[in-house]
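Each value in this text was obtained by applying a stated rule to the coordinates, not by laboratory testing. A quick note: this is a predicted structure, and the numbers were derived from the prediction, not measured. Cβ sites come from the backbone with ideal geometry, for glycine too, and all protein chains shown count toward neighbours.
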Amino acid sequence: MASPLAQFEIKEIIPIVVSNYNISLTNSALAMIFTAAIILLFLFLGLRNLNIVPSKLQVAVELSYEFIAGMIKDNIGKEGLKYLPFVMTLFLFILIGNLFGMLPYSFTWTSHIIVTFAISFFIFLSVTFIAIFKHGLIKFLGFFAPAGVPKLMLFLLIPIEIISYISRPISLSVRLFANMMAGHTLLKVIGGFVFVLAANSFIIGGIIPLAFLIALTGLEIVIAFLQAYVFAILTCLYINDAIHLH
Amino acid sequence: MNDERKSFQQRLASHKKKTNSNNLNSKKNSKQNINALGLGFKLATDFVVTIVVGCLIGLGIDKLFETKPTFFLIFLFLGIAGAFLNIYRTVLNLNK
């Protein structure tokens, strides 16, 4: 039987090699393209015929917009609304990517740490640059030395602050990657139980793990929503930190 | 005709009342649950990752200057302090 980790294997679909660099179209990249296509289709169909009395799809699009706008207003304030396209793209891309991975025979690209780390490192860089351009380098460095701290304590506090600042993108990416990978591995393992028990006990034994599997699938869908939500809300918090250096 | 309309209005009002109060409660509850679950994930990963990052920085400096366990130990404890600082800050922001 295939290993429960076999589902995360990267396979080349269209091999492309440009001067020793392998930039093939893989199943991961294909899943991302599908994700983007689903989002574009969702927005396009939802916003095609705008009516005062909206269609169901238009309501869905408007709700997702209001959801992100409300999140930004709560966490950053009115001046954060100019980052709405960024946060909303991030949220929809991760959400649809997670949900797309729940389809049978598809691929969960959010379960690869290199992908989530690339996204979160980009957020980290952009947030740092926003802070530097908005407040200047000196004031940004002052972020690591809280006001009103005795000089002796600064030797201890500055490294601590720097470590906790650097750990932000890593914890952001590890959270998403670990949740998706652990969940999908668990589903595969329990799925293996269903098969083995059903084969050895005339189907009856497979019923209990199958019930578990159904419940876990529901849990995975909740986790898919939750992780996209947490990712978006933490991005908001980091942007808030960059705009209002405390 | 008028009677029918009146009774319809009544039924509509009672139904609205029922669904409205139900909706409000369940919406508030589910939002709180989701926030709590998300907060749990955030705290757990923040705690672990900050310590790991501290260790890695220490090991990197050790490798650079060949002072094997010194900086690793220093940054391990700084990482632990940073992890607790992160949790402290998150919890402080909760009551805002």
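General remarks:
- A cut-off of 5 Å between modelled amide H atoms, ignoring neighbours fewer than 5 places along the same chain, links A:Thr26 with A:Ile13.
- Note on A:219-225: average number of Cβ atoms from other chains within 10 Å of each residue's Cβ is 1.
- The chymotrypsin sites (Phe, Trp or Tyr not before Pro) of the stretch A:36-116 that meet both conditions, a loop assignment by DSSP and at most 15 other Cβ atoms within 10 Å of the site Cβ, are A:Tyr105.
- The alpha carbon gyration tensor of the stretch A:46-119 gives principal lengths a ≥ b ≥ c with a/c of 1.5 or higher and a/b no greater than b/c, which makes the shape oblate.
- When each of A:Lys73/B:Lys18; A:Lys82/A:Lys139; A:Lys56/B:Lys16; A:Lys11/A:Lys82; A:Lys56/B:Lys17 is checked by Cα-Cα distance, pairs over 27 Å: A:Lys73/B:Lys18; A:Lys11/A:Lys82
- Considering only A:Phe67, A:Ile158, B:Phe84, and ranking their Cα positions along the charge dipole of the protein assembly as shown that arises from unit charges at the beta-carbon of Lys, Arg, Asp and Glu, the one farthest toward the positive end is A:Phe67.
- Only helices reaching 27 angstrom along their own axis (Cα) with mean Kyte-Doolittle hydropathy no lower than 1.6 count here, and for the DSSP H runs of chain A these are A:27-46, A:113-135, A:207-243.
- Over chain A, DSSP H runs of length four or greater, each weighted -39,500 (n - 2.57), average out per residue to a 222 nm ellipticity of -25000 deg cm²/dmol.
- Between the stretch A:1-43 and the stretch A:156-187, the alpha-carbon centres lie 24 Å apart.
- Around the Cα centre of the stretch A:6-243, unit charges on the Cβ atoms of Lys, Arg, Asp and Glu (plus for the first two, minus for the last two) sum to a dipole of about 320 debye.
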